[in-house]
Amino acid sequence: MRYEVVLKDGTRVVLRPIRPDDKEMLSDGFNRLSDRSRYERFFTHLKRLTQEQLRFLTEVDQHTHAAWVAVAVDDGEAQGIGVVRWIRLRDDPEVAEVAVTVVDEFQGKGLGRTLIYVAVQDARSKGVKAFRAWVRGENRATLHMLETMGAAAGRWEDGVLEITVPLEGTESRDDLVPLEFRVPFR
């Protein structure tokens, strides 16, 4: 399955499940992230992704570990610009850890929300009932996005907030389409 979307700036993007042959594209996208974006996603100062990390990030089963990539297709050359993934928790397989990353030059254009929307639909169809995310306190954009989806704040640990987003009932919420979310934080 794949989706085509147009970002707020007119960029055409294809969203599709990640594949093992996406390692180079994922590495190139990682290299285009700012130090701040890398830190917000990985909570450490990574300079590059190792081959082992690339295998983990691209060789997924799409059931217990799923990932979708966003590929810009406007300039004739496919360019990876974002990824969302969810991984079921071992001790509670109806809950999955979720993470989204968007290359800096494409942030603020609706791609992060769109990737989360696709991940919600994918995970719900596979029996996941909630997402769990760990977000740095200064990552206001991601916190706001999750808050508008009805996220419940959990514990703080070393400047990172644990957030749980219920997925049940989302099928009847028109506000979860990748437009403007209007649900207040609870």
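Measuring with a 1.4 angstrom probe and ignoring ligands and nucleic acids, Thr142 comes out at about 30 Å² accessible.
Can you give the convex hull volume per residue for the Cα atoms of the stretch 59-105, as a whole number of Å³?
Details: hull volume 3.8 nm³, N = 47.
Considering the Cα atoms of the stretch 59-105, their hull volume per residue is 81 Å³.
Please give the length that would be gained between Ile87 and Arg36 if that part of the chain were fully extended, namely 0.36 nm times their separation in residues minus their C-alpha to C-alpha distance (nm, one decimal).
Details: separation 51, 0.36 × 51 = 18.36 nm, distance 2.36 nm.
Going from the current span to full extension adds 16.0 nm.
Here the spin labels are modelled as points 7 Å beyond Cα on the Cα-Cβ line, and at His63 and Ser125 they lie 1.5 nm apart. A 1.4 Å probe over all protein chains sorts Ile163, Ile87 by accessible area into Ile87, Ile163, starting with the largest. With R₀ set to 35 Å, the beta-carbon distance separating Gln53 from Asp74 gives a calculated FRET efficiency near 0.75. Taking all protein chains together and a 1.4 Å probe, the residues Val60, Val128 rank Val60, Val128 from largest to smallest accessible area.
Tyr117 sits with roughly 60 Å² accessible to a 1.4 Å probe, with DNA, RNA and ligands left out of the calculation. Once all protein chains are placed together, Asp9 keeps about 80 Å² accessible to a 1.4 angstrom probe. Share of carbon and sulfur in the accessible area of the stretch 59-127 stands at 45%, probe radius 1.4 Å. Per the Kirkwood formula applied to alpha carbons, the stretch 49-146 shows a radius of gyration over Rh ratio, Rg over Rh, of 0.97. Ordered by solvent-accessible area of protein heavy atoms (1.4 Å probe), largest first, the residues Asp158, Asp22 come out as Asp158, Asp22.
The values are calculated or read from the model by the stated rules, or taken from the named source; none is laboratory data. What you see is a predicted model, and the numbers here were worked out from it, not measured in a lab. With ideal geometry, Cβ positions are generated from the backbone for all residues, glycine too; neighbour counts draw on all protein chains shown. Heavy atoms of the whole protein, side chains included, go into the accessibility calculation; ligands, DNA and RNA do not. Shrake-Rupley method; radii C 1.70, N 1.55, O 1.52, S 1.80 Å.
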